[in-house]
Amino acid sequence: MSMSATSQKLSVGEKIGYSLGDLAANLIFQTLITYLAFFYTDVFGLEQNTASAVIFWVGMIAALAFNPIIGVMADRTNSRWGKFRPWILWTAIPLGIASLLTFTTPNFSESGKIIYAVTTYSILLLLYAANNLPYSSLSGVITGDMAERNSLSSYRFVAVMVAQFIVQVFMYPFIEYVGGGDSIEGFSKVNTFLALSGTVLMLITFLTTKERIIPKPEQKSTLKEDLGDLIENRPWVIMLVLTILVFVTLAMKGGSYLFYFQSYVDQHSLAGFLEPIGNALSSIGLQFDSPASMGFAIFNAGGIIFMIIGISLSKKLADKFGKRDIFRLFLFISAIPILLFYFYKPDSILIIFLSQILHGFFYGITIPLLWAMIADVADYSEWKNNRRATAIIFSAMLMGLKIGLTIGGALIPKINKIYGYIPKAESQSESALVGIKMLVSIYPSIPFIIGSAILFFYEINKKMETKIEQDLLKRR
């Protein structure tokens with residue numbers, strides 16, 4: 001493994017440039033988490049079981065087929081730009097186009113819409129894998145310095161929070177505004193802007209980053225060896241399961257909040273609670289078309305702001321106590337406010353907002369650690385086997401991410417259907433309201449609690465982190 005001992009520090013400019021790629025990717029990813037189930041059932045017009053099937057089967061095929069293929073190809077890519085950077089360049093424009101088409105509603109028959117949804121979602125997930133897997137893998141070769149890697153992760157996930165803020169706070173009110181009440185038109189116009197912005201940001205990432213850890217020419221490994229290394233790598237197995245669990249929760253609760261505010265939360269109580277904020281926003285020209293859209297935006301904004309505060313504390317805590325112990329503790333604590341949503345009545349507006357803030361803060365501390373820990377797993381594999389296969393390790397984690405996203409997203413329309421939710425209805429039955437409440441409380445809290453438990457079996461603690469880093473520096 002070739003690496004200059006004096007070239008591992010990253011400039012602020014390169015850290016920002018790298019983080020812009022995650023901002024771009026998360027304009028897509030956060031839109032899928034937050035709106036895909038709602039879009040397919042209440043805007044695009046798919047029947048709920050059909051929407052669930054499209055999200056599940058396309059997502060699972062993408063997770064189990066696209067990611068491994070891209071991982072193998074990326075690890076074996078050699079160009080004057082490196083292994084991973086060229087993929088960011090090649091996919092920037094196609095990915096933007098695919099994201100726009102996925103949230104466009106053609107005037108097709110029911111069967112035509114199913115074919116269109118399957119096709120566009122499949123292409124989007126293929127291109128997302130071809131872009132985001134090499135992008136994520138780049139963090140494993142951009143520097144071998146653990147402290148710099150932790151710092152890079154913090155920059156990266158501040159960018160994630162910015163994207164989340166754009167999508168979860170501003171996007172739905174803008175969809176209502178630019179669509180003039182027509183959600184089809186609103187989704188199309190807003191996603192055109194997001195697709196253009198994301199393409200530009202990806203190109204900036206390509207231009208501002210550099211790959212520093214270069215495999216020696218004599219380092220060759222077969223696919224069989226790479227897969228064997230993975231199967232025998234217990235930290236990798238644990239991180240794969242953890243990644244699935246985390247994104248089941250994020251997809252389930254994130255994709256259910258719009259249903260929660262439109263159907264469960266009492267609109268009169270919500271309007272009264274938000275009146276002072278609404279008056280303040282009106283004075284600077286910001287208007288919301290309904291209490292539900294304003295409540296949804298402010299609710300998400302509070303959570304995201306406190307996530308960013310949590311992120312700012314993450315590096316210091318991880319450097320002192322180790323990534324594993326901090327992740328395990330705060331993942332468990334962040335599950336408690338989610339669980340408590342089950343007990344809140346529709347008019348308990350203040351406590352609903354406070355719980356979101358608490359969850360955001362505690363979960364924010366864990367956010368930068370996930371991908372930094374996966375990069376550590378790549379180091380562990382190299383340390384143990386004397387071979388480095390960065391992309392296939394990250395591809396497995398992105399496979400886990402997509403499996404989690406797929407399961408969580410597919411469960412939303414499926415559970416809504418079971419409990420009796422009717423898309424576009426003026427009011428919902430008591431049973432449907434219970435289902436919506438379960439989707440933001442009991443169901444999403446369970447994977448977080450299980451995830452915190454399995455980290456007791458993850459062996460890369462603070463002491464082992466230091467040993468791996470020092471041994472690899474000598475070896476390189």
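Numbers below:
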{"quantity": "Scan of region 287-342 for residues that are buried (at least 19 other Cβ atoms within 10 Å of the Cβ), among the hydroxyl-bearing types (Ser, Thr, Tyr) and either in contact with a Phe, Trp or Tyr (Cβ under 6 Å, 6 or more places away or on another chain) or more than 16 Å from Ser154 (Cβ to Cβ) (or both), ordered by number", "calculated": "Ser293, Ser334"}
{"quantity": "Exclusive hit being under 29 Å from Leu358 (Cβ atoms), aromatic (Phe, Trp, Tyr), modelled with pLDDT of 85 or more and in a helix (DSSP H, G or I), set Phe299, Phe193", "calculated": "Phe299"}
{"quantity": "Wholly within region 394-476, helices (runs of 4 or more DSSP H) carrying at least 1 residues that are at pLDDT 95 or above, buried (at least 21 other Cβ atoms within 10 Å of the Cβ) and in contact with a helix residue (DSSP H, G or I) (Cβ under 9 Å, 6 or more places away or on another chain)", "calculated": "430-439, 442-454"}
{"quantity": "Residue match in region 266-288 (condition: in contact with a helix residue (DSSP H, G or I) (Cβ under 9 Å, 6 or more places away or on another chain), of a type in the set (Phe, Trp, Tyr) and modelled with pLDDT under 85)", "calculated": "yes"}
{"quantity": "Of residues in region 352-362 being in contact with a Phe, Trp or Tyr (Cβ under 7 Å, 6 or more places away or on another chain) and touching a residue at least 40 places away in the same chain (Cβ under 8 Å), the one nearest to Leu242 (Cα to Cα)", "calculated": "Phe362"}
{"quantity": "In region 241-298, the residues that are under 19 Å from Asn416 (Cα atoms) and hydroxyl-bearing (Ser, Thr, Tyr)", "calculated": "Thr249, Ser256, Tyr257, Tyr260, Ser263, Tyr264"}
{"quantity": "Residues located in region 178-207, provided they are more than 22 Å from Pro94 (Cβ to Cβ), in contact (Cβ under 8 Å) with a residue 24 or more places away in the chain and surrounded by fewer than 17 Cβ atoms within 10 Å (Cβ to Cβ)", "calculated": "Gly181"}
{"quantity": "Pairs with Cβ under 7 Å, 6+ apart, first in region 263-278 and under 11 Å from Asp347 (Cα atoms) and touching a residue at least 24 places away in the same chain (Cβ under 8 Å), second surrounded by 17 or more Cβ atoms within 10 Å (Cβ to Cβ) and not aliphatic (A, V, I, L, M)", "calculated": "Tyr264/Pro346; Tyr264/Lys437; Val265/Gly295; Val265/Pro346; Asp266/Pro346; Gln267/Pro291; Leu270/Pro291; Leu270/Gly295"}
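The values are calculated or read from the model by the stated rules, or taken from the named source; none is laboratory data. In this text, all values refer to a predicted model and were calculated from it rather than measured experimentally. Positions of Cβ are backbone-derived with ideal geometry, glycine not excepted, and every protein chain shown enters the neighbour counts.
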